[in-house]
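> The structure under discussion is supplied below as structure tokens; questions concerning it will follow.
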Amino acid sequence: MQQTNNLLTIKEASHWASNFLKRDVSESNISYLVQYGKVRKYSSGNSLLVDINDLKKYYESYRDWREINWKKRLGDDLNWELSFDYLREKDTTKHVHRLHPYKGKFIPQLVQYFIDDHTDDFKKEVYFRPGDVILDPFSGSGTTLVQAHEMGMHSIGIDISHFNCMITETKLLSYDLSSLENEISKVKQAITSYETDSNITVFENELLTRMADFNNKYFPSPEFKYKVQRKEIEEEKFAIEKEKEFLKTYNQLVKKFGIELNHFPTKNFLDKWYIRNIRKEIDFAFEQIKKIKDVKNKKILSVILSRTIRSCRATTHSDLATLKEPQITTYYCWKHKKICKPLFSIKSWFNRYATDTLYRLRIFSKLKTNSYYAIIPADSRTVDIFREVEKGNKNFYSILQKQKIKGIFSSPPYVGQIDYHEQHAYAYDLFELERKDELEIGPLYQGQGAGARASYVTGIVDVLNNCRRFLVDNFDIFLVANDKWNLYPAIAEKAGMRIVNKFKRPVLNRTERDKSPYSEIIFHLKNGK
């Protein structure tokens, strides 16, 4: 029933928004808008209400202004259909796609759009069908392989990073889920019982209580976010003032409980980026995982631990993707719009991620097909793909001999943007994996100068030339790139290929604090002959 003054319950707002937008808008979608200050909340007894006018204003702004503004900044050739702006985060990180964070990966819906064999009104051609073999020579965390497997296509992923291959493999493996659940339970129990400093728990409890009182007073949610959204508060000035004010409380508690914050400066990643108690808990947890006999269970639990320690680094929430300096004090969080703190224990995060991982594996187990996949830790410029597949799976190799690879869907590295080994330095340190930073194409440490761009072109061309030996003659290659240097026309020409189409898409829902309009291009390449 509609309330007075145009106020709606969350359920009523869900129905109204669904009719207004002509698509499904769930109650959780509306709750999200309230939680993050997009619309104001009202209360009536035990009911949470929103104003229909506030909701309408938001959706009109979101639906029309957003697309218009992005096209004004990035050009009218922007393909808004490929923005997937109607998706929620839970859709773009569905099932195993969120087993482990990975900077620079594309969303699974983008892969599905181009390799799905269902024809839509706006998509005339079908490039791949179930039973085809698809290749990703820069497979990263395995998005292409997971989607291909889900759609009944065989797939091959190549990556120079051993850890990237480890993430991909754990997504695609078939597990005895009962056995895995049992192993997870044992490790969780061991970690929960492990105590390195008896003061940590009481320190954190008092700190959390003080923080909650402070945040409720100065950063009430969602009212504070709502006012920031409408520029009623000068966020930066207010945040700096309150950050300094609460820091005094934090320092007093650290001294009171004798908390040891971090190690001396060191080149070792684990020692530099983790508070002492967490560092000890990481080593203990890894020792428990080493005892597991089932290789599959050991691998997935290692990935759970890796995901955990990534979240437990001594940094701000806004800087998780790109580390700056160790953060060992409380701080104003630009992501959560309140005072946040560094972490002092991995226990709750490990438990949360272990439960979440098991849940995601169960979902994906129902979607898996009988298609083959191969994950190859190698240099895509030189690897003999068929030979590597033959070593691991004779049945898959026989398929390759008969039909070869139909095409590629991949996102090559961007020039000078990411050091791919360094983003998982914690995992390389802990698992003692071999690093091959010198074989990365276009890494951040080489910059974006003329020499770096020339080296990048040579590297991508070498990958395409090597991979085409294993492709059918009438191949289809889709490369997702941020080509601000206009390098891909030259890359295609040098590789003896031609660009037959370009799809320019906006990149939404990025995690960085700087969320300026940003686009990437999906290049469709075919044989140049």
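The values are calculated or read from the model by the stated rules, or taken from the named source; none is laboratory data. Keep in mind the model is a prediction, meaning the values are calculated, not measured. Ideal geometry is used to build each Cβ from the backbone, glycine not excepted, and the neighbour counts take in all protein chains shown. When the accessible area is computed, the model is the full protein with side chains, heavy atoms only, and any ligands, DNA or RNA have been set aside. Shrake-Rupley method; radii C 1.70, N 1.55, O 1.52, S 1.80 Å.
> Any idea which residue in segment 303-316 is nearest to Y353 (Cα to Cα), counting only those that are in contact with a helix residue (DSSP H, G or I) (Cβ under 6 Å, 6 or more places away or on another chain) and open to solvent by 10 Å² or more (accessible area, probe 1.4 Å)?
Kept after step one, since they are in contact with a helix residue (DSSP H, G or I) (Cβ under 6 Å, 6 or more places away or on another chain), are these residues of segment 303-316: 303-309, 311-312.
In the following step, the residues that additionally are open to solvent by 10 Å² or more (accessible area, probe 1.4 Å) were identified as 307, 311.
Details: R307: 7, S311: 10 Å.
Ranking the qualifying residues of segment 303-316, first place goes to R307.
> Can you find even one residue in segment 240-254 that is at pLDDT 90 or above, surrounded by 15 or more Cβ atoms within 10 Å (Cβ to Cβ) and assigned to a loop (DSSP other than H, G, I, E, B)?
No, that holds for no residue.
> Conditions: (1) touching a strand residue (DSSP E or B) at 6+ places or on another chain (Cβ under 6 Å); (2) surrounded by 15 or more Cβ atoms within 10 Å (Cβ to Cβ); (3) in contact (Cβ under 8 Å) with a residue 60 or more places away in the chain. D77 meets all but one. Number of the miss?
Failing condition for D77: (2).
> Output the residues belonging to segment 18-59 that are aliphatic (A, V, I, L, M) and either touching a helix residue (DSSP H, G or I) at 6+ places or on another chain (Cβ under 7 Å) or over 13 Å from L8 (Cβ atoms) (or both).
Matches in segment 18-59: L21, V25, I30, L33, V39, L48, V50, I52, L55.
> Hey, another quick one. From the residues in segment 129-141 that are of a type outside the set (D, E), touching a strand residue (DSSP E or B) at 6+ places or on another chain (Cβ under 6 Å) and in a loop (DSSP other than H, G, I, E, B), which one is nearest to N466 (Cα to Cα)? Walk me through how you get there before you give the answer.
Filtering segment 129-141 down to residues of a type outside the set (D, E) leaves 129-131, 133-135, 137-141.
Next, from what is left, pick out any that are touching a strand residue (DSSP E or B) at 6+ places or on another chain (Cβ under 6 Å): 133-135, 137-139.
In the following step, the residues that additionally are in a loop (DSSP other than H, G, I, E, B) were identified as 137-139.
Numbers: P137: 10, F138: 13, S139: 16 Å.
Checking each candidate, the answer is P137.
> Also, I was wondering about something else. Among the basic types (K, R) and more than 31 Å from the chain's Cα centre (by Cα), is that true of K244?
Details: among the basic types (K, R): yes; more than 31 Å from the chain's Cα centre (by Cα): yes.
Taking the combined requirement at face value, the residue satisfies it.
> While we're on this one: Looking only at segment 470-488, how many residues end up being in contact with a helix residue (DSSP H, G or I) (Cβ under 8 Å, 6 or more places away or on another chain) and either among the polar types (S, T, N, Q) or open to solvent by 60 Å² or more (accessible area, probe 1.4 Å) (or both)?
Number satisfying all stated conditions: 1.
> Any idea which of V25, V111 is assigned to a loop (DSSP other than H, G, I, E, B), open to solvent by less than 20 Å² (accessible area, probe 1.4 Å) and modelled with pLDDT of 80 or more?
Only one candidate qualifies: V25.
> May I pose another question? Mind telling me which of the residues T329, T322 ends up being open to solvent by 20 Å² or more (accessible area, probe 1.4 Å), within 27 Å of E234 (Cα to Cα), touching a helix residue (DSSP H, G or I) at 6+ places or on another chain (Cβ under 8 Å) and assigned to a loop (DSSP other than H, G, I, E, B)?
T329
> What are the residues in segment 401-428 that are of a type in the set (D, E) and either touching a Ser or Thr at 6+ places or on another chain (Cβ under 7 Å) or open to solvent by less than 60 Å² (accessible area, probe 1.4 Å) (or both), if any? Explain how you work it out, then say what you get.
Narrowing segment 401-428 to residues of a type in the set (D, E): 419, 422.
Listed by number, the list holds a single entry, D419.
> Looking at (1) assigned to a loop (DSSP other than H, G, I, E, B); (2) surrounded by 15 or more Cβ atoms within 10 Å (Cβ to Cβ), which one does T382 not meet, given that it meets all the others?
(2)
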